[in-house]
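What follows is a single structure, written as structure tokens, with notes after it.
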Amino acid sequence: MGILIAVDGVDSSGKQTQTELLRKRLKSDGVNIRAVSFPVYDSPSSSLIKMYLDGEFGTNPDDVNAYTASAFFALDRFASYKTDWGADYNGGAVILADRYTTSNMIHQAGKIDDLSEKKKFIDWVYDFEYNICGLPKPDITIFLDMPPEYGIRLMENRANKIDGTDVKDIHERNREYLQKSYDNAVFVAESYGWKRIVCAENGAVRSIEDINDEVYSAVKAVLTDI
């Protein structure tokens, strides 16, 4: 059985950048590592995700309830696991995931204001993805804590990951949703013991290298302990 490292956070928190830097550093250490990213936009399994993010089911994220939207993302992960990286994981590789089940806990649970209903939903996500779908659980989840006021600025010049245009998806163009997702992410990270990496302090975003040093140290500690 392998090891699973999840890197997660809200939109434009630096997940892709930090995941790639971490992959290179661990590979140079001789770690048998495989990087994966979700959603898998070039796979048919992401079709419902793309329809959702393009606004075909409604232009407000709340037009699709948290449970339904989470199923779209979960089944995309299931398809990827069964057809792609599952064999490597079960063969003992270290899997480094840019987003994971944890994204449903961040983004979709943010749609639910009532605390008891939020916890009920997160328990459902945990059961559905890990127990029913049989996806492996992360050995560590790195939470890149990037407040939305910084992330929005970073997002301005970033291309849409689905089609490469500058048109933002229904999550990215809804500032209220971005704030709720961030507030929820902080709550979930604290509640579930994720490793929180503060990405902005004293009114400025930390350097990519400085953030990555902290990410690398946290992951190396886990790899040493297992």
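Could you run the Debye sum over the Cα atoms of segment 1-105, one equal point scatterer each and no solvent, and tell me log10 of I(q)/I(0) at q = 0.21 Å⁻¹, two decimals?
The Debye formula, applied to the Cα set alone, gives -1.14.
Apply the Karplus parameterisation 6.51 cos²θ - 1.76 cosθ + 1.60, with θ equal to phi minus 60°, to every residue of segment 31-48 and state each ³J(HN,Hα) to the nearest whole Hz, in sequence, with x for glycine and proline.
6, 6, 10, 9, 9, 10, 9, 10, x, 8, 5, 8, 10, x, 5, 9, 4, 5
Need the full-extension length gain, Ala87 to Asn60, defined as separation in residues times 0.36 nm minus the C-alpha distance. One decimal, nm.
6.0 nm
Can you sort Glu149, Glu129, Glu176 by solvent-accessible area, 1.4 Å probe, largest first?
Glu176, Glu149, Glu129
How big, in percent, is the set of alpha carbon pairs in segment 11-68 lying more than 13 Å apart?
71
Using a 1.4 Å probe, how large is the accessible area of Arg77, given in Å² and rounded to the nearest 10?
Surface accessible to solvent at Arg77 totals approximately 10 Å².
Which FRET efficiency value, to the nearest 0.05, do you get for Asp127 and Thr68 by plugging their Cβ-Cβ distance into 1/(1 + (r/R0)^6) with R0 = 22 Å?
With a Förster radius of 22 Å, E is 0.85.
At a 1.4 Å probe radius, which order do Glu117, Glu209 fall into by accessible area, largest first?
Sorted descending by solvent-accessible area, the residues read Glu209, Glu117.
Can you tell me the length gained on complete extension of the stretch Lys120 to Val186, counting 0.36 nm per residue apart and subtracting the Cα distance?
Value of the extension gain: 22.0 nm.
Given charges of +1 on the Cβ of Lys and Arg and -1 on the Cβ of Asp and Glu, with all other atoms neutral, how large is the dipole of segment 17-149 about its Cα centre, in debye to the nearest 20?
Magnitude of the dipole: close to 520 debye.
Cα centroid distance between segment 1-52 and segment 75-89, in Å?
13
Accessible area, 1.4 Å probe, largest first: how do Asp113, Asp123, Asp98, Asp42 sort?
Greatest to least solvent exposure: Asp42, Asp113, Asp123, Asp98.
Once R0 is set to 25 Å, what does the formula 1/(1 + (r/R0)^6) return for the Cβ-Cβ distance between Ser217 and Ser47, expressed as a FRET efficiency to the nearest 0.05?
0.05
Keeping all protein chains in position, work out how much accessible area Trp124 exposes to a 1.4 Å probe, and write it in Å² to the nearest 10.
Using a 1.4 Å probe on the heavy atoms, I get roughly 80 Å².
Can you pull the one-decimal nm distance between simple spin-label points at Val198 and Lys24, each 7 Å off the Cα toward Cβ?
2.7
Kirkwood hydrodynamic radius, computed over distinct alpha-carbon pairs, for the chain: how many Å, to one decimal?
Taking the inverse mean of 1/r over all distinct Cα pairs, the chain comes out at 17.8 Å.
The values are calculated or read from the model by the stated rules, or taken from the named source; none is laboratory data. These figures come from a predicted structure and were not determined experimentally. Because the Cβ atoms are built from the backbone with ideal geometry, glycine has one as well, and the counts that use them run over all protein chains shown. Areas reflect the complete protein model, heavy atoms only, side chains present, ligands, DNA and RNA absent. Shrake-Rupley method; radii C 1.70, N 1.55, O 1.52, S 1.80 Å.
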